[in-house]
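S.K.: Quick one: the structure is below, and I'll ask about it shortly.
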């Protein structure tokens with residue numbers, strides 16, 4: 001029994017290492033086409049538009065409710081210590097450094113990452129990727145690379161909008177609903193939020209965008225050419241992407257503290 005258990009653990013570990021190596025090779029080969037002709041600028045723009053504009057509504061709604069909830073929870077916590085004036089800085093730092101990048105990435109995975117995996121997987125099922133290769137068009141350059149670059153560019157922009165909407169919603173709840181002094185709210189926010197905090201949030205957004213693009217395109221590209229395989233790959237992309245974002249968030253947070 002113990003031997004079988006260790007055997008299963010060993011096989012799972014080896015499979016995970018092999019898959020990580022395959023992900024690295026596929027993404028590296030795709031990124032190698034970034035500076036080569038023909039340049040895929042049109043496809044970059046189309047993917048950025050599809051991912052960014054298509055995800056704006058869910059990002060805006062999530063950012064607004066995140067800011068409002070933080071203001072409510074933060075107010076009643078700070079009120080116990082008589083520090084309601086610090087509400088603005090507490091909301092701002094929580095959103096900019098942590099919740100904006102993480103929740104923005106998770107929303108992008110659910111809204112756009114799953115569609116990326118399903119789209120590429122369907123291309124595999126219908127033979128479109130093979131057809132591109134027969135026409136001497138590398139599918140890594142035409143299909144995979146534009147989607148990686150799109151998530152890499154779109155997520156920082158979406159996170160910035162998330163932060164702005166969340167801060168505005170927090171201000172409305174804190175000042176207009178809970179009665180915190182507007183000058184104290186804004187003053188503490190400006191005083192406590194430093195350029196390093198903005199830098200930390202943007203670095204996380206860029207890292208998460210790259211992770212989402214790589215994982216979702218890889219799962220779709222390596223999906224089994226069946227409908228069940230595409231469905232399984234889409235589920236795995238959402239799960240693996242979400243876990244990777246949370247794990248990398250912990251690592252990056254430890255560096256920025």
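The values are calculated or read from the model by the stated rules, or taken from the named source; none is laboratory data. Treat the numbers as computed from the prediction; the structure is a model and nothing was measured. Every residue, glycine as well, gets a Cβ built from its backbone with ideal geometry; the counts of neighbours run over all protein chains shown.
S.K.: What's the total number of residues in the range 29-39 that are loosely packed, with under 11 Cβ neighbours inside 10 Å and under 23 Å from the mean Cα position of the chain (by Cα)?
M.R.: The qualifying residues number 0.
S.K.: Sticking with this one: Here is a list of conditions, (1) more than 14 Å from residue 91 (Cα to Cα); (2) over 17 Å from the mean Cα position of the chain (by Cα), and residue 207 meets all of them except one; can you say which number that is?
M.R.: (2)
S.K.: Can you name every residue in the range 178-201 that is in a helix (DSSP H, G or I) and more than 13 Å from residue 84 (Cα to Cα)?
M.R.: Here is the first cut: in the range 178-201, the ones in a helix (DSSP H, G or I) are 182-192, 195-201.
Listed by number, the residues that qualify are 190, 191, 192, 195, 196, 197, 198, 199, 200, 201.
S.K.: Looking at residue 231, is it part of a helix (DSSP H, G or I) and modelled with pLDDT under 95? Outline the logic, then answer.
M.R.: Numbers: part of a helix (DSSP H, G or I): yes; modelled with pLDDT under 95: yes.
Here the answer is yes, as residue 231 does meet what is asked.
S.K.: Of the residues 45, 69, only one is closer than 30 Å to residue 91 by Cβ, assigned to a helix (DSSP H, G or I), under 25 Å from the mean Cα position of the chain (by Cα) and free of Cβ contacts under 8 Å to residues at least 24 places away in the same chain; which? If you could, list the steps in order and put the result at the bottom.
M.R.: Numbers: 45 fails: closer than 30 Å to residue 91 by Cβ.
Exactly one residue qualifies, and that residue is 69.
S.K.: Right, another one. In the range 116-128, how many residues are buried (at least 21 other Cβ atoms within 10 Å of the Cβ) and modelled with pLDDT under 90?
M.R.: The qualifying residues number 1.
S.K.: In addition: Can you find a residue that is under 30 Å from residue 122 (Cα atoms) and either touching a helix residue (DSSP H, G or I) at 6+ places or on another chain (Cβ under 8 Å) or surrounded by 18 or more Cβ atoms within 10 Å (Cβ to Cβ) (or both) anywhere in the range 158-166? Outline the logic, then answer.
M.R.: Of all residues in the range 158-166, those under 30 Å from residue 122 (Cα atoms) come to 158-159.
Still in the running and either touching a helix residue (DSSP H, G or I) at 6+ places or on another chain (Cβ under 8 Å) or surrounded by 18 or more Cβ atoms within 10 Å (Cβ to Cβ) (or both): 158-159.
Yes: one or more hits.
S.K.: Condition first: under 18 Å from residue 44 (Cα atoms) and over 16 Å from the mean Cα position of the chain (by Cα). Now tell me which residues in the range 107-128 satisfy that.
M.R.: 119, 120
S.K.: Also, quick follow-up: Only one of these conditions is not met by residue 211: (1) buried (at least 21 other Cβ atoms within 10 Å of the Cβ); (2) out of contact with any helix residue (DSSP H, G or I) (no Cβ under 8 Å at 6 or more places or on another chain). Which number is it?
M.R.: Here residue 211 clears every test but (2).
S.K.: If you don't mind, there's one more thing I want to ask. In the list 172, 159, which residue meets the criterion of being farther than 29 Å from residue 240 by Cα and not in a loop (DSSP other than H, G, I, E, B)? Walk me through it before giving the result.
M.R.: Values: 159 fails: farther than 29 Å from residue 240 by Cα.
Selected residue: 172, the only one of 172, 159 that is farther than 29 Å from residue 240 by Cα and not in a loop (DSSP other than H, G, I, E, B).
S.K.: Of everything in the range 51-87, what is crowded, with 18+ Cβ neighbours inside 10 Å and closer than 28 Å to residue 142 by Cα? Give them in sequence order.
M.R.: 51, 52, 55, 59
S.K.: Could you list, in sequence order, all residues of the range 21-42 that are free of Cβ contacts under 8 Å to residues at least 40 places away in the same chain and over 16 Å from residue 219 (Cβ atoms)? Lay out the reasoning, then the answer.
M.R.: The first filter runs over the range 21-42 and keeps only residues free of Cβ contacts under 8 Å to residues at least 40 places away in the same chain, leaving 21, 24-25, 28, 32, 35, 37-39, 41-42.
Result: 28, 32, 35, 37, 38, 39, 41, 42.
S.K.: Kindly establish whether residue 248 is more than 17 Å from the chain's Cα centre (by Cα) and surrounded by fewer than 21 Cβ atoms within 10 Å (Cβ to Cβ). Can you show your working first?
M.R.: Working: more than 17 Å from the chain's Cα centre (by Cα): no; surrounded by fewer than 21 Cβ atoms within 10 Å (Cβ to Cβ): yes.
When the stated conditions are applied, residue 248 does not pass them.
S.K.: Just checking, which of 74, 63, 104 is part of a helix (DSSP H, G or I), over 25 Å from the mean Cα position of the chain (by Cα) and modelled with pLDDT of 90 or more? Give the derivation first.
M.R.: Details: 63 fails: over 25 Å from the mean Cα position of the chain (by Cα); 104 fails: over 25 Å from the mean Cα position of the chain (by Cα).
Result: 74 is the single residue among 74, 63, 104 that is part of a helix (DSSP H, G or I), over 25 Å from the mean Cα position of the chain (by Cα) and modelled with pLDDT of 90 or more.
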